[in-house]
1. With respect to the numbered conditions (1) part of a loop (DSSP other than H, G, I, E, B); (2) in the same structural domain as Arg725 (by TED's automatic domain parsing), which one is the sole condition not fulfilled by Pro650?
2. Looking only at residues in region 563-616 that are at pLDDT 80 or above and among the basic types (Lys, Arg), which one is surrounded by the most Cβ atoms within 10 Å (Cβ to Cβ)?
3. List the strands (runs of 3 or more DSSP E) that sit entirely inside region 523-593 and contain at least 3 residues that are touching a Cys at 6+ places or on another chain (Cβ under 6 Å).
4. Please give the helices (runs of 4 or more DSSP H) falling wholly within region 661-780 in which 3 or more residues are not assigned by TED's automatic domain parsing to the domain that holds Thr791.
5. Given the conditions (1) modelled with pLDDT of 85 or more; (2) outside the structural domain of Glu115 (by TED's automatic domain parsing), which single one is not true for Tyr175?
6. Does Trp896 satisfy being aromatic (Phe, Trp, Tyr) and under 38 Å from the mean Cα position of the chain (by Cα)?
7. So is Ala622 aliphatic (A, V, I, L, M) and part of a strand (DSSP E or B) or not?
8. Filter region 450-469 down to residues that are farther than 16 Å from His594 by Cβ and surrounded by fewer than 18 Cβ atoms within 10 Å (Cβ to Cβ) and give me whichever is modelled with the lowest pLDDT.
Amino acid sequence: MVSGTSQDPLPTEPRVRRRKPSPLDDSFLDTLAETLSQEHFSVKALKQRAIERTQAASGRQDTIAPVAATGPCGPRSSDECDLEDSPRISRLNLAVQLPEIFPDDPTRSRYIIGEILGEGGTGRVFSGIDSNLKRPVAIKFLSTPDTLPGEQTAEFIREGQVAAKLEHPSIIPVYDMDCTSDGKVYLVMRKVTGETLYDLIEREALSTDSTSALSINAKLNIVLRICEALSFAHARGIVHRDIKPGNVMIGCHGEVVVVDWGTASACGADGSAQGCLMGTPAYMSPEQARCERADSRSDIYCVGATLFYMLLLRWPTEADDLDTFWEKKCAGIVDPPTREERRLIPAPLLAIAMKALRADPAERYSTIDAMASDLANYQAGQAVSAYPDTLWAFARRWYRRNRLLCWSSAVLLAGIVFFGELLYRERAREVAAWGPPVETVRFSDAETEWRNEWGLEDQRPLGQYGCRVEEEGYIVLVRKKQLAGSVAIEFDTPPLARGGMGRIYIQWIEQAAWDEKRNELIRSPESTFYSFILGRQFTAIEHGRAFLDFSPVSLEPGRNYRVRAEMDQYELSLFLDGQRVGHARQDLFHGPGHLMLRREYAGRTFANVRLYFKGVAEKVSALAVPDTFHKDGLYDRAVHYYDEVLRSHPDKDLAREALYKKGLCLYRQRRHEQAFAVWRALWGTPLEPSVAYWERERAYEAGDHAAVLADLRGRFPSAGAEERRKMTAQWDCMVHHLESGAASREVLEGYLSIWEEFLQQDPLGQVVAATLLDRLERYEEIADRCPYAVTLCALTLVRLNRADEMLRRYPGYVWLSCAVLLDQGRYQEVLERYPFMTGECVTAMIRSGRASQALERYADDAGYRNEALLALGRWHEVLEAPARPLPRQLADQRAWALIHAGRYGEAACEAHLPLPRLWAHTLQGREPGEIPGGTDLLTAYAKSFEAFLKGGPAPLAIPPRKLWLDLNETNQDAYHEIPWAQYLLVPLAGELRGDASAMHGLVERIADERRRYQAGTLYGTAAYVVGKLSEEEFREQPCKQFVEGRWLFARALRADREKRSAEALDLYRQYVEMPFAQKGFQWLVHRFAQWRVEQLETRGSPAR
């Protein structure tokens, strides 16, 4: 079986181990060998006897004997073992049984026994020859005496049976088992020529020749063969229980064989073997030391201990006395590797051994295959489960495995970079780039240099961050000189006050000129403009009043932004903090124009304005020359050079582009037929959608809406993203013109169907559709189907008398929320919820009768101070300020003060808004129709109202929604004035003229449509006039401003309606003569009172 020893003698040379061995090692193992060979023992008795033997030890260097005394003994020479004492096997061979076949074979026995190979406490192993098969074998006998306990014989037989089941290259095969004539059982096994793993390790450790040392890879190959053998055994339910270097044979040709299966045991149903103290103490698992049931994980521990010994040349657990050793062994304590040992052994490999040596079997490898997998992975340079990889280790290992791939990829990448750089440089010569800023401006009142290049409309003062003005105002900065070519502007928006709509406009205005004297950009009728819009609800790009691009991205209050707008030939781009939020591409060049920065309302400004120009490319396209003529409006010369390009490059994409641009030149010259004849060659090419764009444009100009809608329906389903964007923008432009014109309902519904079929989820589509729905008076659909049309949705809810719903749905729409709350008389909510909306808070305080508090709180602001002074009737203090050029708000406030002072001519010159201008001119004796520039809604209504009072038809009724459609400075006066005439004065005048039904249901109608209008003042006045409201209830209305004037006017109307003419005349006169500070500036109401005074003073019927 072996030619060498299967025992593990302790080394005596100090260089064998990296730690000094215990002095009790040899003697205590000898004691263990003898004690455990007894049939009955206890752990306590074993320890005690081991100590006694140790005390009597003579210091000899003995061997490590296996716990089960069935293993082979140490090596013995022929002098130490007499061959005559060898057992005899009487079993006959084939030569005796078949003499005719083997006539010359003198051998009679089947097995010829030779020298002894090893001897143990219960067995001896001899070399032998199988005379039948003519091969060397190893024969194992039970030890003498002849009479041995039956249990040992049965155990010996069981060993043979177990080994015979395991047919594996790394497990010693059993050839035969029988007994001699005198009853001695023997096993016939394969004879392995070589040495034990222990001998190999010791020889390597003692050798001075470094070349003979086993490499780590060779050691791992041995352990992997052991794992394969155990895996085979475990798969058949067999646990070895005594894996150690002495029980592993290394053959002459490197084969690895696991021997001594005498301690092996079959596993039960739970996968564990019967509990008993079996194995070698230095290598056994903690559960074996505690005499608990062993399973496959116990073999894993033994393999881990063997690997530990191979790597570090010491046992996992050592102690100076037996009691300490057993305590540590039973507890599963492993002496950790020292720093020096960790330095010498790779950490992943040491981690594999330490995981196999865990005290808790559940924490070890679950199977021997899992441990073998980790060992194989380590050999292959891959990660192991026992040792988590660092990123650096993973990278190094991956590099080692893929070194060739890495270098090949590096060479390929270097080639790509090199040639890519060449191509990039060549391409860069063809592309123009934005250069550094050519102009950096910081707008400030303290600095004046910027005024040489930039104009400030109205000469409005600037704040510390740039253009910061009162919340209700707006500011406009204009680049005085025209700019041409590709231009970009960039600026920062420092966080200022919250609230308001906070929109910023960046505009490019063509065909306009700056007037230095008027501080205003004068636009010609042919002026066109592009706008970049940033606001609290959306960002957009417009051409004229039509959207080219729309995005729900919005500005947040209190946050810094870097804004950049680029106008690059055909393309317009808008960026917020470096991210593009808007993009539009036009087929036509933008021409030279003025750059305008406009900010409406509070919360945004301009700071660190930077202006960029795009340079000329080093290599230009063949189209550069005709494009220049095209851009400058020299269309005939452009056509000539486009023809040159067509002749020079007839079969290239460049030719198709030249052909398309030639058609554009002809189209812009209004030579439409020639343009479409040129474009006919582009059908079926990538430029076909662009040609279709102009065909739709031409059909729309001709009023052929059916052709436009048919083409849109045919192209939308298959259109790409860019084509879809252009068609949507064109559809928006067409709708905008229709909405402002006199299109029929059928045409409007046709264009609305495009949205319903293709653009319902498109943000721009919803915004455009909302304008169509508004025109078609389908208001409910705006609120329910167009959530992206925030402004129109919010206004529509107000028009539908659903103001409370608007406040719930759009809490961030601060400006409109304040307007609604003020209109409903909820002044305290304005003060509490929106204290940062200063203008609205001032209005709330004045209307609630707290003008003195507003004056005290906002005395430092000229606009708010003037507003409070006018409300208190202290108009003369407003006039004390110098009459220098003023912003619009201050100019209008001065105009009101001049009206108070009776200086109507000066007031007419100062006024900007329709109402003070109307008052100033009519007080000078002019009719509303004679007021210059009176094209606003209020002045136009005043003209028709004046005609009505003189006997003409009633003014055209204006739907309530129209008064909220564009709630800006101009139309605010109309909103506050016209409902009084439309809902109260016109019906009352009709009744006074004899129409008994004119006032029928008046109060109910106001309650339904305008119940909370102007804090209920209109409803309260009408209800008092018809006798449904008492004086006490009238005075309880939340709006306290001008309450005395309203009360006087309501009494006059009631007396007039009840035919108390003298009382009515007196009350009307008192109202007309009442100071403006007490009655306000309601022109239509004042004019009605004047008319009634004239009528009642006239003899005859008071009502003509």
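The values are calculated or read from the model by the stated rules, or taken from the named source; none is laboratory data. Please read all numbers here as calculations on a predicted model, not as lab measurements. Heads up, the Cβs are rebuilt from the backbone with ideal geometry, glycines too, and the neighbour counts pull from every protein chain shown.
1. Unmet for Pro650, out of (1) part of a loop (DSSP other than H, G, I, E, B); (2) in the same structural domain as Arg725 (by TED's automatic domain parsing): (2).
2. So, considering only residues that are at pLDDT 80 or above and among the basic types (Lys, Arg), the one surrounded by the most Cβ atoms within 10 Å (Cβ to Cβ) is Arg564.
3. Numbers: elements: 539-543, 546-551, 561-568, 571-576, 579-585.
Those strands (runs of 3 or more DSSP E) do not exist here; none qualify.
4. Details: elements: 672-679, 688-701, 705-715, 721-739, 745-758, 763-775.
The helices (runs of 4 or more DSSP H) meeting that bar are 672-679, 688-701.
5. It fails just one condition, (2).
6. Details: aromatic (Phe, Trp, Tyr): yes; under 38 Å from the mean Cα position of the chain (by Cα): no.
So Trp896 does not fit the description; no.
7. Values: aliphatic (A, V, I, L, M): yes; part of a strand (DSSP E or B): no.
For Ala622, the condition - aliphatic (A, V, I, L, M) and part of a strand (DSSP E or B) - is not met.
8. Initially, region 450-469 is screened for residues farther than 16 Å from His594 by Cβ, giving 458-469.
Those left that are additionally surrounded by fewer than 18 Cβ atoms within 10 Å (Cβ to Cβ): 459, 461, 463-464.
Numbers: Gln459: 52, Pro461: 48, Gly463: 46, Gln464: 39.
In this case the residue turns out to be Gln464.
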